[in-house]
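Where a number appears in this text, it was derived from the coordinates with a stated rule and is not lab data. Computed from a predicted structure; not experimentally measured. Don't worry about glycine lacking a Cβ; one is built from the backbone with ideal geometry, like all the others, and counts go over all protein chains shown.
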């Protein structure tokens, strides 16, 4: 019996082994800009896919501008090509002056440097944002685009109707990309007290993510940072404090949390090179609050 | 040793069975199976869909006369388009009133659907999703726009698969216990049902 117990234990250990590997290797540092330490924890490989992530940004606050400025500092040493937006892009009205104050001004340096923004819609965003040129949504509430070996799917979690679900399933079923990343507003998993996990949405989208081998899911809505422990082989992030913050909102002893941060606003950087995806979460003041590497699972879609 | 071998075989068989069950669960469609509806309800849904189609035909005709909106628009162009479409709709539907689309039999069908969906273990999660929305400032008035500064309720994904399907121009939306039909682009309230949620 003891032999069997040991084997079972070993089996359980193998099954639950995470593919997460903390970065310990090369670190690039630039301390020249404005005296602040801008530290990059990426290898910066030739031909890699480089992007940033922001969520719940459109407040027009001083803090949002600080995040925009910090992103520009990082862009100077790590020229990411594009930014994914997790929704709530413009809070409290959508007059032209709102787009100016809550988007164009905070990210002026990035926009001037031809960085493209790809938006998804949040619960504070009117659907006509899909036509705004700088959000690159091509008039669609849900869309797909590809960069290198990574396919990105922007979804509208505010209105996940049958048509969208069918579209997602159809697109994913024929997608042969090495990496599949979905991004949208409401988090299927979250340890925040304000909103938390969206179980209704999860019930509908998670089986599709699993079936078609989605690797990473990026969300916002809760105004905190959280890296969720991998769920059924998928890596979930909540990045919803690019313009608003709920201090102390992450539950202390959540079983979902791998790493969380709710003391300041933040943004994220990513680099995808081959089977590795490097990520770094950075606070408004430039502090690295989380970093690591996800190794792409070789598992095939289940059908 | 024989006993241990037998146990290993049993455990392997159990693991294989569990694995195939997981695979089957993963392979099931994300969309709920179609609900079996009575002939009377089927007629109600068809009638509602016809009302919605008539509305969409009208608004698309009006849209042809508003400034065109490209996928590369400026905020000024978006604003101009929304305002123009809103004005055209309000003028063309000046006599619109509550219950034009949510007729009594449709409202009854939708209320029954919501009642079924908002029960059981998921009831609280559904209610949380709907009631956490900050809708202060929204005036429920047919043919008037939904307040631009107010939050939009997330429509629970599981519920959307059960309600009558809408064309892309029209959306369901909740404000508290009330259910609205809203024009997607102009944000004009087409109709609403008070106390739709149980």
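Highest average first, the peptides B:129-135, A:249-255, A:272-278 ordered by how many other beta carbon atoms sit within 10 Å of their residues are A:272-278, B:129-135, A:249-255.
The slack between residue B:47 and residue B:123, meaning 0.36 nm per residue of separation minus the straight C-alpha distance, is 24.4 nm. For the pair region A:243-303 / region A:107-160, the C-alpha centres are spaced 20 Å from each other. Mean separation of Cα pairs under 8 Å and 6 or more residues apart, divided by the residue count, gives region B:76-170 a relative contact order of 28 percent. Once Rg and the Kirkwood radius are both taken over the C-alpha atoms of chain A, their ratio Rg/Rh works out to 0.97. Entry for region A:93-226 at q = 0.12, 0.21 Å⁻¹: log10 I(q)/I(0) = -0.51, -1.39, Debye formula applied to identical alpha-carbon scatterers, no solvent contribution. For region A:146-224, the fraction of C-alpha pairs farther apart than 15 angstrom is 55 percent.
Mean partner shielding of peptide B:130-137, defined as the number of other chain Cβ atoms within 10 Å of each residue Cβ, is 1. DSSP beta bridges confined to region A:26-295 are antiparallel in about 65 percent of cases. Computed from the C-alpha gyration tensor, the three semi-axes of the ellipsoid equivalent to region A:182-303 are 23, 18, 11 Å, from longest to shortest. Looking at region A:122-173, the pairs of alpha carbons with a distance over 15 Å make up 51% of the total.
In this simple spin-label model, placing a label point 7 Å from the Cα along the Cα-to-Cβ direction at both residue A:247 and residue A:178 gives a separation of 4.4 nm.
Can you give me the P(r) profile for region A:23-181? Cα pairs, bins 10 angstrom wide beginning at 0, each as a whole percent. The distribution over region A:23-181 is 10, 34, 34, 19, 3, 0, given as percents. The mean count of C-beta atoms from other chains within 10 Å of the C-beta of residues in A:152-165, rounded to a whole number, is 5. Counting 0.36 nm for each residue step from residue A:46 to residue A:275 and taking away their Cα separation leaves a gain of 81.0 nm. For peptide B:177-184, the mean count of partner chain Cβ atoms within 10 Å of a residue's Cβ comes to 1. Building the convex hull from the alpha-carbon atoms of region B:65-198 and averaging its projection over directions returns 8.8 nm². Taking every C-alpha pair closer than 8 Å and separated by at least 6 residues, the mean separation divided by the residue count of region A:26-295 gives a relative contact order of 20 percent. Estimated purely from DSSP H runs of n ≥ 4, each contributing -39500 (n - 2.57), the mean residue ellipticity at 222 nm for chain A is -6500 deg cm²/dmol once divided by its residues. Relative to the longest principal axis of the Cα atoms of chain A, helix A:162-173 runs at roughly 60 degrees. With angles folded into 0 to 90 degrees, how steeply does helix A:62-77 sit against the dominant principal axis of chain A? Use alpha carbons for both and round to 10. Relative to chain A, helix A:62-77 is tipped by roughly 70 degrees.
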